[in-house]
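For reference, the structure discussed in these notes is given below.
Rule-based calculations on the coordinates, nothing more; no lab input. Just so we're clear, the structure is a prediction, and the values are computed from it rather than from any experiment. Heads up, the Cβs are rebuilt from the backbone with ideal geometry, glycines too, and the neighbour counts pull from every protein chain shown.
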Amino acid sequence: MLNKCKYLFICGAIASGIGKGTINSSIGMLLKQYGYKVSFLKIDPYLNIDAGTMNPYEHGEVFVTGDGGEVDLDIGNYERFLDIELSFYHSLTSGKLYQKILQKEREGHYLGKTVQVIPHVVDEIKNWIRHLTTVPLKHDTEDRPDILLVEVGGTVGDLESTCYYEAVRQMINEEGKDNVGLIMLTYILTLNNEQKTKPAQNGIKDLRYTGLIADFIICRSETELQISQRDKLAMFGNISKDSIFSVPNSQHIYDVPEVLQRQKLAEHILEKFKLPIQKIPNIEKYTKFGQYLKQLEQQKPITIGIMGKYMKNLDAYMSLIKALKEASYAIKVNLQLKYIDLVEFQNSQNPEEQLEKECDQFDAILVPGGFGYNGFNLKIKCCQYAREKKKPFLGICYGFQAAVIEYAQNILGIKDATSEELKEEQIGTNFVVFMPEINPKLFGGNMRLGNHETFIENKDSIAYQIYDSEIVQERHRHRYEVNPEKIQILNENGLIFSGKDKQTGQRMEILELPKNQHPFYVGVQYHPEFTSKNFKPNPLFVSFVSAAANGEYKKQKIDINYNNQI
C-alpha cells in the first residue's frame, strides 16, 4: 500500500450516457493489473438521498451494496469488473451531502458560522472523498486503496455540479499535482462521414471555466479518432497528443480494457502519479474473449424470456442481463434474451393468450423483481405456464412471490390468493404480507436491504446442489415476505421451501418443486444478480442457463478463462 493515496477524477462533456462507468471500470481493472489496489466513488449531483426511490424508466437499475446501500448502477459496474465490495458511502449524492451538512448545522458543529457552499459544502465533499481512502476494499481484509477513482456524474457545465469541480480544483492544490489526476471523457460526432470536434472543444472550454485542465482526454466515437482531429484537440485542450485516447464503438464492453491497454493509458496515469510499474499486466482473458464470442455465436441459440415491466429502459435490468450473459459465456451457451413488457401485454386484447404464444418460443422463463400492481397478474400467468409446461423457471424477489401466489391459486385452489402489496387494487387471501419490522410510514431506504444469510437444510435439494453449501449470503431488497401462517399448507401441498433466513428460520428465501415433478423450478427472495461478477458468475444463473440449454438441471463445469475451444 502506498503512503499516500492517489486520486483520479473522471468527468464527462457534451452528454451523459457515453460510457464513463465502463471506461472508469476498465481503467480501474488495468491499474489493478499493474499491481495497484483501487477503489471507486460515484458522485451524482441530484438531490435524492440515494437511488432507491428513482424511476427505473428514467434512471435505470437500483444497485444494492452488501451493506444495504441503494446506489447508482455504475457501482455495479465497478464491483463486476474488479470483484470488489463497495458500500453506501461509495456513492455520493447532493442529497446525502446536504443532509449531512444540515444535520451538523442543527447539532452546532459550525459554531454559529454562516454555512455556505464555500467553504462548508466543498470541504464536506473533500472530507467524503478522503475518508474513502481509509475504507477496506473487502469486509474481510485490511487492504486500503492505492488509487481512488472518482466519477463525477452528469456533464461539465451542469449548474448542480459546480461545487464538485471546485472540490477537485482545491484538492489539486492541497494534495499536489502528482497526487491528483483528471480525465475528461467526451464524444466526437460524425456528420456526413466527417468527425467534428467543435462540441468537444466547447466541453474543454467549460472545464477551463471551473479552473481545471484535463490531464487526459478520452474520445468516444463511432470510428477510430482521426490524427487530424487528435491534433486539433491537443491544441485546444492544452495537452500533448499522447494524452488523448480513442475509444470507438465496439461489440461489447470487454473490448474496452484492451483498447485502452493498446494505447497504454494506465502507464500514462502511473507516470502522471510518478508510480512504478509493479507487475506486467495480463489481460489475456479480455483479448481472447472477442474470438470466443464469435465461436459462441455459431452455436444453436438458447432463448430465455424475461417477463418484466420496465422494458422501455433495459438499464433497469442491467445486473440481471449481465449475470445471465456471464453465466452463458462460462458454460458455452449461445444465449439470446427476449424482453417481454407485461404492462403492454396487459393493455392488449386477449393478453393471456398472446402471452402463452410468446412463452412457447422460449427455452426458459425468468420473472424478475419489481413493484406494484401493473403486470403482476401476468407474472402469475408466466409462473403457471412454466410450471405446467415444465419449462425451466427462475423467479427473483417479486417473481418469487408471484410463484407462491400462483401455487396457492392453482394447486391449493385458493383463487383469491394475493399479496398485501396489492391491497388497494386486489383484496383477497394474503399469501405475501408486509414484513413487521418495516415502517409503513417511510418509503425511501425502508426495506430489508443488503446481505443476509440463507440456510439450506436439505442436501438433496436443488438449492444445495447449486450452491454446494448450507449457508448462502446474497443481497436483498424487499418489504414483503411469504406469509408465515401459509407456509405449512404450501409445504403440505408440495411446494418446497429449501432455503430460510439463517437469523430466524421463519422467513422463506428459496422455493423449488421436486425434481421428479419439474426439471428446474426455482424462486429466490434475494437478488443473486448483484453478486455476479465478470468471469465469476453467480452459480444460480449458471444452473438456470444450463437448465435452459439442457432441458433439466445438470451440474456443469464452468470455464471462465475461455481457454477451451467450443
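A few comments on the model shown:
- Within the range 187-222: backbone nitrogen closer than 20 Å to the Arg262 label point (7 Å, Cα to C-beta): 187-190, 195, 217-222
- Straight-line cross-link reach from Lys288 at under 25 Å between alpha-carbon atoms covers these lysines, not counting any fewer than eight positions away in the same chain: Lys20, Lys32, Lys37, Lys264, Lys279, Lys300, Lys322, Lys325, Lys332, Lys533, Lys536, Lys557.
- Part-to-part distance (alpha-carbon centres) for the range 262-292 and the range 185-225, which is given in Å: 24
- Derived scalar couplings between HN and Hα for the range 493-499 equal 9, x, 7, 9, 9, 7, x Hz in order, rounded to whole Hz, by the Karplus curve 6.51 cos²θ - 1.76 cosθ + 1.60 (θ = phi - 60°), x for Gly and Pro.
- The range 391-417-the range 144-176 distance, computed between alpha-carbon centres (Å): 48
- Cα gyration tensor, the range 365-519 - rounded (a/c under 1.5), prolate or oblate: oblate
- Descending Cα extents along the principal axes, the range 412-470, whole Å: 41, 36, 15
- Stokes-Einstein D (µm²/s) once Rh is taken as the Kirkwood radius of the range 1-63 over alpha-carbon pairs, at 37 °C in 0.692 mPa s: 231
- Prolate/oblate/rounded label for the range 49-154 (Cα gyration tensor, a/c 1.5): oblate
- For Lys338, the aspartates and glutamates whose Cα comes closer than 13 Å to its Cα, not counting residues fewer than 8 places off in the same chain, are Glu358, Asp360, Asp363.
- Simple label model, 7 Å out from Cα along Cβ direction - Asn55 to Gln226, nm: 4.0
- Distance between the pseudo-spin-label points of Tyr209 and Asp140 (7 Å out from Cα toward the beta carbon): 5.0 nm.
- If you take the alpha carbon atoms of the range 297-379 and fit the smallest convex hull around them, that volume is 94 Å³ per residue.
- Residue separation of Ile280 and Asn48 scaled by 0.36 nm, minus their Cα-Cα distance, works out to 79.3 nm of gained length.
- Of Lys515/Lys555; Lys381/Lys441; Lys4/Lys232; Lys42/Lys285, pairs whose Cα-Cα distance is over 25 Å: Lys381/Lys441; Lys4/Lys232; Lys42/Lys285
- For the chain, the longest principal axis of the Cα atoms and the long axis of helix 318-330 meet at an angle of about 80 degrees.
- Cα shape, the range 443-511, gyration tensor, a/c 1.5 rule: oblate
- Calculated volume of the Cα convex hull per residue in Å³ (choose from [x] 172; [y] 231; [z] 652), label: [x]
- The calculated FRET efficiency for Glu457 paired with Met435, based on their beta-carbon distance and R0 = 22 Å, is about 0.50.
- Global dimensions of the range 76-216 from alpha-carbon coordinates: Rg and Dmax equal 17.9, 61 Å.
- Rounded to the nearest whole Hz, the Karplus-based 3J(HN,Hα) values (6.51 cos²θ - 1.76 cosθ + 1.60, θ = phi - 60°) of the range 90-102 follow the sequence 7, 10, 10, 10, 4, x, 4, 4, 5, 4, 5, 5, 5, with x at glycine and proline.
- Backbone HN-Hα couplings from phi across the range 389-403 [Karplus 6.51/-1.76/1.60, Hz, Gly and Pro as x]: 8, 6, 8, x, 9, 9, x, 10, 6, 4, x, 4, 5, 4, 5
- Per-residue ellipticity at 222 nm computed for the chain from its helices equals -10000 deg cm²/dmol, with DSSP H segments shorter than 4 residues left out and the rest contributing -39,500 (n - 2.57).
- If the chain linking Asn516 and Asp360 were pulled fully straight, counting 0.36 nm for each residue of separation and taking away their Cα-Cα distance, it would gain 53.9 nm.
- If R0 is taken as 22 Å, the Cβ-Cβ distance between Phe443 and Leu314 corresponds to a FRET efficiency of 0.30.
- Here Lys379 is the anchor, and the aspartates and glutamates within straight C-alpha reach of less than 12 Å, apart from those fewer than 8 places off in the same chain, are Asp341, Glu352, Glu356, Glu406.
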